[in-house]
Each structure stands twice: as structure tokens, then as C-alpha cells.
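Accompanying notes for the structure given below.
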Amino acid sequence: MGSLLAIVLPLACGAAVSPTVLALQLLTLSRRTAPVARAWAVAAGCALVLAGLSVVALLVAHSTGGSDSGSEAGGIVKLVAALLLLGVGVRQLRKVPPAVPKPERTSAHPLRQSFALGAAMMLTNFSTIVLYFPAVHAIGIADAPSDGKALAFVLLFAITLLPAVGPPLVVTLLGTRATPALQRLNGFFTTHRRGIGAGICFAFALLLGATGLHALL
């Protein structure tokens, strides 16, 4: 159990570094019409995509033999993820980060629109996906009790969703008192998101590459 958490928790923390999702939530909370409800709808869209990705990762783990596959399948997944992270990191350094899409000011279905926006944002959040997928796969092939796997998955899911769930949760609990702190946090991530994103990608590419090679050798 401890070894599984040692693999999953660092990947979860890396997947949770998502300045774009955080900026989207702060923008949504600045809306005049039902801002908190719309922010929760964005979070629900993000959660749905993560749930779908979890199913895919577990199916891949099952198709590669589950816990009987040993470390070889996990090593291959980690190496592929490391290569993808290198590509994402280089892309973030070379390109200006895309602007956060702004919800329309008027909509007949603002909650539905926010839900779709959250889902689309998570679907294109490649640095999060590339870290989340091998973490779920590691849970799927781990030789651990079912309750231990369930705990690892809940922690992974919750930590990864922090940028989406954190802002509306804080505002729900604290109201407008939370706005200054969230705005300062958003300003920091917005200013440095290219360096933060690339740094996260390169660091975890190195980690996944090393552990993947170790598993295969």
C-alpha cells in the first residue's frame, strides 16, 4: 500500500498543477449570473472527463494482464507518458499559452454551458492527462488489496480536481472573503504558468522515464 501511494501521490500533485483550469474557475466566479453554481458546473465537467479517463486507464491495465503483468506493462506506460510529457513541456516553452475561453455573457443554459466548458478544458489539459493516466494504470496493475487501491484512487481523483473544485468550494464556505487570496494565486500562476507547466512536465518526464526504464531492465 505504501509503495502504491509513493507512486500515485507525486503524480497526483503534478496533475493538479493546472493554471488554466484555475484561471477558468476564477473567471467563472467573477460572472454576475449564478457564479458559484456555474463554477460547480465547470468542476462537474472536469470530473466527468477524469472519470472517463479513469475507466480507459483501468481497461488498459486489465488488458495488459492486471497485477499479473508485473512491472513490464507499467514500465511501458511510464515511458510513453515520459515522452509525451517532454513534448508537452517543449510545446509550452515555445508557444504562448492559449487564453482561457470566456463564457458567453448571455446564455439560455448557463450551467449546461459551464459544464461543457469544464469538460472541454480538461480534455485539452494534456499535462494533467499524461500524469493522471499512468497513475490510474499503476493502481490498476498494483498488487495491493482492493481497499488500498480504492483509497489510492480517491486521493488521486480528489487531488487532481483541486484546481477545479478548490475555488468554488472556498467561495461556498467563505464567500467574498476568499476572493483576494484566489486572485493573488491566479495572478501568480498566470504570470509564471509557462515556466511552471514546462518545469512540471520535464520533472515528471524524468521521473517517469527513470522508473519506467528501471521496471523494464
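Read-outs throughout are calculated quantities, based only on the coordinates presented, and are distinct from any laboratory measurement. Treat the numbers as computed from the prediction; the structure is a model and nothing was measured. Here the Cβ positions follow ideal geometry from the backbone for every residue, glycine too, while neighbour counts run over all protein chains shown.
Miscellaneous remarks
- Crossing angle, helix 110-123 versus the chain [Cα axis fit, 0-90 degrees, rounded to tens]: 30 degrees
- Each Lys or Arg adds one and each Asp or Glu takes one away; over the other residues whose Cβ falls under 12 Å from the Cβ of Leu85, this sums to +2.
- Cα lying deepest toward the dipole's positive end in the chain, options Val8, Val88, His62, charges on Cβ: Val88
- A Cβ-based charge dipole, computed about the Cα centre of the stretch 2-216 with Lys and Arg at +1 and Asp and Glu at -1, lands at about 1180 debye.
- Rounded Å value of the spacing that divides the Cα centres of the stretch 7-34 and the stretch 151-172: 9 Å
- Modelled this way, with points 7 Å down the Cα-to-C-beta line, the labels at Asp143 and Leu83 are 2.8 nm from one another.
- Helix 126-141 and the longest principal axis of the C-alpha atoms of the chain enclose an angle of approximately 40°.
- Rg and Dmax of the chain, Cα atoms only, in Å: 17.9, 57
- Rounded tilt (10° steps) of 146-160 against the dominant C-alpha axis of the chain: 40 degrees
- Residues of the stretch 7-37 with amide N under 14 Å of a point placed 7 Å along Cα→Cβ from Thr179: 26-36
- One chain, two ends: Ala6 and Leu59. Fully extended at 0.36 nm per residue, the span grows by 16.8 nm beyond their Cα-Cα distance.
- Once exposed loop trypsin sites (Lys or Arg not before Pro) are cut out (DSSP; at most 11 other Cβ, 10 Å), longest piece of the chain: 106-217
- Positive-end ranking of Thr28, Gly148, Val130 along the dipole of the stretch 2-216, with charges on Cβ about the Cα centre, is headed by Thr28.
- Taking other residues whose beta carbon is less than 15 angstrom from the beta carbon of Leu185, and scoring Lys, Arg as +1 and Asp, Glu as -1, yields +3.
- The simple spin-label model puts a point 7 Å past each Cα toward its Cβ; for Leu217 and Val90 those points are separated by 2.3 nm.
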